[in-house]
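The values are calculated or read from the model by the stated rules, or taken from the named source; none is laboratory data. Worth saying up front: this structure is predicted, and the values here are computed from it rather than measured. Here the Cβ positions follow ideal geometry from the backbone for every residue, glycine too, while neighbour counts run over all protein chains shown. Ligands, DNA and RNA are stripped out before the accessible areas are found, and what is left, the full protein with its side chains, is counted by its heavy atoms. Shrake-Rupley method; radii C 1.70, N 1.55, O 1.52, S 1.80 Å.
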Amino acid sequence: KTKSKMIVYLHCDFFPGRTFVVLSQPYDLVAHVRANFLHILLDLNRLNFVFRFRHRGRFWKDSQTLNELGLTEDENPVVEVVGEPTGPATSPSTENDPVLTALYAESSWFTEREGRLFRFKALTSLYVVVSVLIFFATHWYLGLWSVLHALYTLYNLPRASRVGGCVAPIDPGSHTMVRVTAVLSLLNALIAVAFFAVALVRLLNGCDGSCAVIDRFSAAAYALLAIVLLALFTVTLHLRRNLAHKPGELLVGTLLQTTNIPALLAGLADASEGQRRVLVTRLAVVAAASDANRLAIIDNDGLTPLTPLASCGDDVCEERTADVFAELCEIPAGRAAIVQHGGAALAALLALASGTPPAAMATAQALLLLCADTLAAQRIVNAGGIESLLGLLYRSDLSHAATECAIAVLARVCGHGVLVTQLMHDAKLHHALFFLLDGAHAPSTHTACLSLLATLAAAGSPHAGAMLPVAIRKLAMPNTDVRTHALELLLAATTDPTILSQLAGQAELFSALQPLCTDSDLTRLIKMLCCRFVDSRRARTLAQQRGLQDVIDALGGDYSIRS
């Protein structure tokens, strides 16, 4: 495991003007970030929130690691904390709440840590004073060693504070220093005891005069030094055990455990609007924690109280409902239950596509998982799912990720041979894809649209001729992936000789192809297209008049088609 650190910045709408920081490692679970933020809320006495983390339009799941979310060790993400207040800002009861019980148990560790560090610093400072006294004893060189040891300990003293709503991390070097301090304190204490014994023997043997005075002072100094060092050794041992504790040590496991899901579902039926928001948000958090929680929601007939929430008129509640549907679609049992729930659950899910951008994004993610099965995809089409998805493609308030997710759903539906023959005749679908390709969208969006059009063209779409001008325009885009998919669309569309002849008559095609002949990533596709023209007598004649030979010459071809 890497030792690199990652800073996660948390921006909360319910704390305007404040951004919180959590120090994590790439292999940490999202539950670890949640545990740290719970400590922050505890220090601020604001535990009256149920919340989720959203980054780049997607909600994080507690069971995922930061690496699994696509974050690298060089990336310090700014994460949005989306939540709802559960009541007044008071200290909630830990009764029947294992998360709060674990949180308060961890908090006691860090409160105790401050006290132990205070005692450790006080004893180390006393150690410096006593070490100075040793310079006036018989074995003065012990004082020199003791002062150096004490100053080293003070300089490397670990620091931890809960001021500002955070638990300051302990530097890994501090753990080493504490171990070194414990060993050296014990050794130095044994030496001090030995010197004390020597001074005591001299006193018992009858040393008098100035000798008696220095021996009495030395014996007292050595005894005091031994007592201080033994106390420092004891405090250091306790401190070392405390420093081993980290935020989330108890909380992470508790957060991933199954919650009292039946109680949450039972409360949804009779809850007020405010309580309903809290309950459905908590249900979304629970569903994101583990597959066991998702299965428990299905087993307790969770779809029955969830379905009416999809059209309750409360944007926040509808967003959280869409999140729960998306989480349930992560497991086969959840997908089967939504499809087989008498059509009500599927209709409710499709209704959420017209909601707010977060609800639309979650709906698209749920449909993407659902339509992997042919039967489910067929039921989505029969329930009007294509119209709902086309509505997403025309919305300007959605992120590129949401739009591309909707296109991915359509592509997955077209991946079923029974359905692609049905969709290839849908003029609205083709027009929506043309609309996206004519807009100023991300290259990945253009790529997804071209890929879907190629699938429809390969299936024999009657709108293949209308795809040609769009694909030719995309050849001018300064993006290799877009150009590649545009050429693949042309190849898929020109399997029909009529469409091939229509393309051969497009003079702008050959003027667009010539600059691309030097791109090694595209030459194979361009050669395939040229060979298709050459193999058709009618298309060859038309292409020859429009500049096919110039493209072949640019490719380095060793043959001529000029008459």
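Some points to look at:
- Residue match in region 49-59 (condition: surrounded by 15 or more Cβ atoms within 10 Å (Cβ to Cβ), part of a loop (DSSP other than H, G, I, E, B), in contact with a helix residue (DSSP H, G or I) (Cβ under 7 Å, 6 or more places away or on another chain) and at pLDDT below 85): yes
- Checking Arg113 against (1) assigned to a helix (DSSP H, G or I); (2) out of contact with any helix residue (DSSP H, G or I) (no Cβ under 9 Å at 6 or more places or on another chain); (3) at pLDDT below 85, the condition it does not meet: (2)
- Taking region 109-123 as the range and being in contact (Cβ under 8 Å) with a residue 60 or more places away in the chain and open to solvent by 50 Å² or more (accessible area, probe 1.4 Å) as the test, the residues that pass are Glu112, Arg119.
- Selection status of Ser146, modelled with pLDDT of 80 or more, under 14 Å from Phe217 (Cα atoms), polar (S, T, N, Q) and part of a helix (DSSP H, G or I): no
- Region 5-45, residues that are open to solvent by 10 Å² or more (accessible area, probe 1.4 Å) and assigned to a loop (DSSP other than H, G, I, E, B): Lys5, Asp13, Phe14, Phe15, Pro16, Gly17, Arg18, Gln25, Tyr27, Asp28, Leu44, Asn45
- Looking across region 438-451, the residues that are within 17 Å of Leu398 (Cβ to Cβ) and either touching a strand residue (DSSP E or B) at 6+ places or on another chain (Cβ under 7 Å) or buried (at least 20 other Cβ atoms within 10 Å of the Cβ) (or both) come down to Thr445, His446, Ala448, Cys449.
- Checking Ser461 against (1) outside any helix (DSSP H, G or I); (2) farther than 23 Å from Lys428 by Cα; (3) polar (S, T, N, Q), the condition it does not meet: (2)
Condition check ((1) under 40 Å from the mean Cα position of the chain (by Cα); (2) open to solvent by 70 Å² or more (accessible area, probe 1.4 Å)) across all residues:
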{"residue": "Ala458", "(1), (2)": "yes, yes"}
{"residue": "Arg473", "(1), (2)": "yes, yes"}
{"residue": "Gln502", "(1), (2)": "no, yes"}
{"residue": "Gln506", "(1), (2)": "no, no"}
{"residue": "Thr523", "(1), (2)": "yes, no"}
{"residue": "Lys527", "(1), (2)": "no, yes"}
{"residue": "Ser536", "(1), (2)": "no, no"}
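- The residue list Ala353, Ala359, Ala348 contains one member that is buried (at least 18 other Cβ atoms within 10 Å of the Cβ), within 23 Å of the chain's Cα centre (by Cα) and assigned to a helix (DSSP H, G or I), which is Ala359.
- Those residues of region 421-437 which are open to solvent by less than 40 Å² (accessible area, probe 1.4 Å) and of a type outside the set (Asp, Glu), in sequence order: Leu423, Met424, Ala427, Leu429, His430, Ala432, Leu433, Phe434, Leu436, Leu437
- Any hit, region 461-469, residues being crowded, with 16+ Cβ neighbours inside 10 Å and more than 46 Å from the chain's Cα centre (by Cα): no
- Residue-level check: of (1) open to solvent by 70 Å² or more (accessible area, probe 1.4 Å); (2) without any contact (Cβ under 8 Å) to a residue 60 or more places away in the chain; (3) part of a helix (DSSP H, G or I), Leu237 misses just (1).
Yes/no matrix, rows are residues, columns are (1) touching a Lys or Arg at 6+ places or on another chain (Cβ under 6 Å); (2) surrounded by fewer than 19 Cβ atoms within 10 Å (Cβ to Cβ); (3) not in a loop (DSSP other than H, G, I, E, B):
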residue: Gly267; (1), (2), (3): no, yes, yes
residue: Gln275; (1), (2), (3): no, yes, yes
residue: Val280; (1), (2), (3): yes, no, yes
residue: Asn293; (1), (2), (3): no, no, yes
residue: Ala296; (1), (2), (3): no, no, yes
residue: Asp301; (1), (2), (3): no, yes, no
residue: Thr304; (1), (2), (3): no, yes, yes
residue: Thr307; (1), (2), (3): no, no, yes
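- Residue in region 311-325 that is outside any helix (DSSP H, G or I) and surrounded by 20 or more Cβ atoms within 10 Å (Cβ to Cβ) present: no
- Residue within region 379-393 that is free of Cβ contacts under 8 Å to residues at least 12 places away in the same chain and either among the aromatic types (Phe, Trp, Tyr) or closer than 18 Å to Pro305 by Cβ (or both) present: no
- Leading residue by the ranking (nearest to the chain's Cα centre (by Cα)) among those in region 322-345 that are among the small types (Gly, Ala, Ser) and closer than 19 Å to Gln378 by Cβ: Gly334
- Residue match in region 90-104 (condition: modelled with pLDDT of 85 or more, more than 30 Å from Arg277 (Cα to Cα) and of a type in the set (S, T, N, Q)): no
- Residue selection: Thr541 fails the criterion of being within 21 Å of Cys449 (Cβ to Cβ), of a type in the set (Ser, Thr, Tyr) and part of a helix (DSSP H, G or I).
- Residue check, Ala189 modelled with pLDDT under 85, crowded, with 18+ Cβ neighbours inside 10 Å and more than 40 Å from the chain's Cα centre (by Cα): no
- Residues in region 362-380 that are crowded, with 20+ Cβ neighbours inside 10 Å and either over 28 Å from the mean Cα position of the chain (by Cα) or hydroxyl-bearing (Ser, Thr, Tyr) (or both): Thr363, Ala376, Ala377, Ile380.
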